[in-house]
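For reference, the structure discussed in these notes is given below.
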Amino acid sequence: MSYAKVCCIGLVGVEGHLVEVEVDIAPGLPGVTLTGLPDTALNEARDRVRAAIVNSGEEWPNRRLTVNLLPATLPKRGSAFDLAIAAGILACAGELPPVGLDGVAILGELGLDGAVRPIRGVLPMVAAAARAGLTRAVVPLQNADEATVVPGVDVRAVDTLQRLIGFVRGTDTLLPPPGLPQPPLPPAPDLADVAGQPVGRRAIEVAAAGGHHLALIGPPGAGKTMLAERLPSVLPELDDLAALEVTAVHSIAGMLPPGGRLLRRPPFQAPHHTASLASLVGGGSGIARPGALSLAHRGVLFLDEAPEFASRVLDSLRQPLESGRVTLNRTGGTTEYPTRVQLIIAANPCPCAKPAGDSACECTPLARRRYLGRLSGPLLDRIDLRVRLHAMRAADLVGVDQPREGSTAVAARVAQARAAAAVRWSPQGWRTNAEVPGAALRRPPWQLPAADIGRLQTALDRGALTARGFDRTLRLAWTISDLDGLDRPGAGEVAEASQLRAGEHG
Ligand SMILES: [Zn+2]
């Protein structure tokens with residue numbers, strides 16, 4: 001036999017695509033030609049595959065080998081094709097029975113000694129195999145549990161090339177997924193831990209209910225981080241589709257815990273302000289790694305001390321926040337990752353970060369304005385909810401031993417408010433109040449009566465409120481109304497919405 005074909009999966013962003021590995025052996029000078037847009041790693045596959053075959057005790061066909069990866073137009077990156085190429089070469093050389101690997105997705109990197117090494121992105125690869133109609137997959141042992149998350153695919157594991165060869169020849173068996181015990185999820189931080197801070201707690205609840213981005217401005221010790229970490233605990237659990245998306249991104253990043261399960265909890269990512277652009281938005285060589293922005297997809301991205309981030313880093317967030325995806329340009333094509341995140345930024349009111357009113361703080365009003373000014377502009381424009389927090393005072397701690405409302409109770413109100421918003425906006429294609437364009441809220445049937453928004457109108461006319469600020473207040477008022485179980489916001493909800501945006505005026 002001088003021709004063989006086996007199946008593999010290539011990843012472009014989080015999307016897997018069926019790749020056929022064709023091998024042809026012809027008489028001529030010994031050598032291997034790889035075609036089909038291979039990148040550097042794939043070219044190295046040639047040497048790895050050859051060494052792995054020889055070190056597995058097999059004969060290397062000393063003829064002219066052509067390995068073609070189809071479709072040629074699909075960019076192919078990484079080392080996940082090794083195992084399929086090796087199997088294709090052996091089948092083509094007549095060393096393996098021709099039918100043994102029909103309809104099987106073969107995934108894995110080879111070591112020079114013939115060991116099968118784990119790869120990143122097995123979950124989206126096996127999901128793509130299922131979509132392409134393949135019902136069986138052979139994956140590296142270390143990735144097998146993760147692969148079993150995909151329904152409808154019989155997943156088998158290999159630790160060595162030899163085992164795969166033995167299986168096809170009928171002399172060995174593939175391994176079942178190990179089914180490692182899943183480490184228990186660490187308990188999510190709970191709102192019950194937050195003492196005082198009624199404004200901060202309310203801001204978290206409103207942000208969760210309306211899907212609003214949130215800015216927390218306050219001195220050290222005001223509990224900004226503590227509040228931000230608790231937003232995921234009041235967000236709804238991820239549904240099947242969202243969970244698969246989130247788990248796929250973490251699979252590509254190689255960050256899934258052992259044991260293989262869907263991530264159901266909205267993720268929380270808090271990159272440090274010294275984080276590189278690549279670690280925030282994604283990048284790196286080979287398969288571009290998702291950054292914190294994509295690891296927070298369907299969850300929360302928290303930027304603490306936001307004014308300390310380099311401005312080009314903050315600027316790089318603007319477009320992905322708008323479009324819900326980030327495009328990474330690489331040699332040989334682009335990679336896209338999803339970035340539908342809820343953003344929380346936190347900032348001290350001044351650069352010295354000493355408590356306000358502390359005699360040690362000598363920052364001038366101008367220095368304070370400049371400091372927060374670093375945040376202004378396009379990024380801040382997208383943040384509906386801007387809250388000023390105060391340092392905890394002794395008075396806040398009175399009654400701290402009383403039971404405080406926990407995340408479960410808040411999450412129940414959030415879920416009910418989100419359901420109301422979804423019903424209202426679904427004909428227009430929006431799900432949360434944060435997605436609703438301001439213009440829609442200023443027109444019938446959603447326009448509010450003048451009696452209820454009179455003070456906002458006045459502030460707008462006097463120039464004390466910008467048009468965007470006006471729209472943001474309306475969005476928040478609708479969320480508060482949903483939380484209160486009302487049909488539409490009244491003067492009280494509009495007033496509270498204005499208060500929750502007090503940070504803008506300060
Ligand atoms: Zn200061």
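The values are calculated or read from the model by the stated rules, or taken from the named source; none is laboratory data. Note that this is a predicted model, so its numbers are computed, not measured. Backbone-built Cβ (ideal geometry, glycine too); neighbour counts: all protein chains shown. Heavy atoms of the whole protein, side chains included, go into the accessibility calculation; ligands, DNA and RNA do not. Shrake-Rupley method; radii C 1.70, N 1.55, O 1.52, S 1.80 Å.
Give me a count of the residues in the range 40-63 that are out of contact with any Ser or Thr (no Cβ under 8 Å at 6 or more places or on another chain) and not in a helix (DSSP H, G or I). Looking only at that region, the number is 7. Considering only residues in the range 409-462 that are of a type in the set (Ser, Thr, Tyr) and open to solvent by 40 Å² or more (accessible area, probe 1.4 Å), the one that is farthest from residue 209 (Cα to Cα) turns out to be 458.
Each row is one residue, and each column tells you yes or no for (1) farther than 30 Å from residue 240 by Cβ; (2) of a type in the set (S, T, N, Q).
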{"position": "61", "(1), (2)": "yes, no"}
{"position": "68", "(1), (2)": "yes, yes"}
{"position": "74", "(1), (2)": "no, no"}
{"position": "113", "(1), (2)": "yes, no"}
{"position": "123", "(1), (2)": "no, no"}
{"position": "152", "(1), (2)": "no, no"}
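Okay, residues lined up against (1) at pLDDT 90 or above; (2) under 24 Å from residue 318 (Cα atoms); (3) of a type in the set (A, V, I, L, M):
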| site | (1), (2), (3) |
| --- | --- |
| 178 | yes, no, no |
| 188 | no, no, yes |
| 209 | yes, yes, yes |
| 212 | yes, yes, no |
| 221 | no, no, no |
| 229 | yes, yes, no |
| 235 | yes, yes, yes |
| 244 | yes, no, yes |
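Among residues of the range 18-38 that are under 15 Å from residue 50 (Cβ atoms), those with a beta-carbon under 6 Å from a residue that is polar (S, T, N, Q) and assigned to a strand (DSSP E or B) at least six positions away or on a different chain give the pairs 33/66. Restricting attention to the range 370-411, the residues being modelled with pLDDT of 85 or more, of a type in the set (D, E, K, R) and part of a helix (DSSP H, G or I) number 1.
Results for (1) more than 30 Å from residue 288 (Cα to Cα); (2) surrounded by 17 or more Cβ atoms within 10 Å (Cβ to Cβ); (3) touching a Pro at 6+ places or on another chain (Cβ under 6 Å), shown as yes or no for each residue.
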| position | (1), (2), (3) |
| --- | --- |
| 35 | no, no, no |
| 75 | no, yes, no |
| 85 | no, yes, no |
| 94 | yes, no, no |
| 110 | no, yes, no |
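If you go through the range 282-299 and keep only what is surrounded by 15 or more Cβ atoms within 10 Å (Cβ to Cβ) and either within 16 Å of residue 379 (Cβ to Cβ) or among the polar types (S, T, N, Q) (or both), you end up with 292, 293, 294, 296. Filtering the range 67-104 to residues that are farther than 27 Å from residue 170 by Cα and β-branched (Val, Ile, Thr) leaves only 73. Helices (runs of 4 or more DSSP H) fully within the range 236-299 that include at least 3 residues being under 21 Å from residue 155 (Cβ atoms) and out of contact with any His (no Cβ under 7 Å at 6 or more places or on another chain): 240-252. Report whether or not residue 199 is under 25 Å from residue 481 (Cα atoms), outside any loop (DSSP other than H, G, I, E, B) and open to solvent by 10 Å² or more (accessible area, probe 1.4 Å). Spelling it out, residue 199 is indeed under 25 Å from residue 481 (Cα atoms), outside any loop (DSSP other than H, G, I, E, B) and open to solvent by 10 Å² or more (accessible area, probe 1.4 Å). Please find, within the range 119-143, the residue that is surrounded by the fewest Cβ atoms within 10 Å (Cβ to Cβ) out of those that are in a loop (DSSP other than H, G, I, E, B), touching a residue at least 60 places away in the same chain (Cβ under 8 Å) and not charged (D, E, K, R). That would be 132.
Among the residues making up the range 412-470, those that are over 27 Å from the mean Cα position of the chain (by Cα) and not in a helix (DSSP H, G or I) are 443, 444, 445, 446, 447, 448, 449, 463, 464, 465, 466. Taking the criterion of being of a type in the set (Ser, Thr, Tyr) and over 13 Å from the mean Cα position of the chain (by Cα), would at least one residue in the range 239-259 satisfy it? Looking for residues that are of a type in the set (Ser, Thr, Tyr) and over 13 Å from the mean Cα position of the chain (by Cα), one finds none in the range 239-259, hence no.
Inspect all residues belonging to the range 174-192 and state whether any of them is crowded, with 21+ Cβ neighbours inside 10 Å, in contact (Cβ under 8 Å) with a residue 40 or more places away in the chain and over 22 Å from the mean Cα position of the chain (by Cα). Yes, there is a match, as at least one residue in the range 174-192 is crowded, with 21+ Cβ neighbours inside 10 Å, in contact (Cβ under 8 Å) with a residue 40 or more places away in the chain and over 22 Å from the mean Cα position of the chain (by Cα). Look through the range 487-504, keep the residues that are outside any helix (DSSP H, G or I) and surrounded by 15 or more Cβ atoms within 10 Å (Cβ to Cβ), and return whichever of them is modelled with the lowest pLDDT. Ranking the candidates gives 501 first. Note on the range 321-358: among residues that are within 11 Å of the ligand (Cβ to nearest atom) and open to solvent by 70 Å² or more (accessible area, probe 1.4 Å), the one that is modelled with the highest pLDDT is 354.
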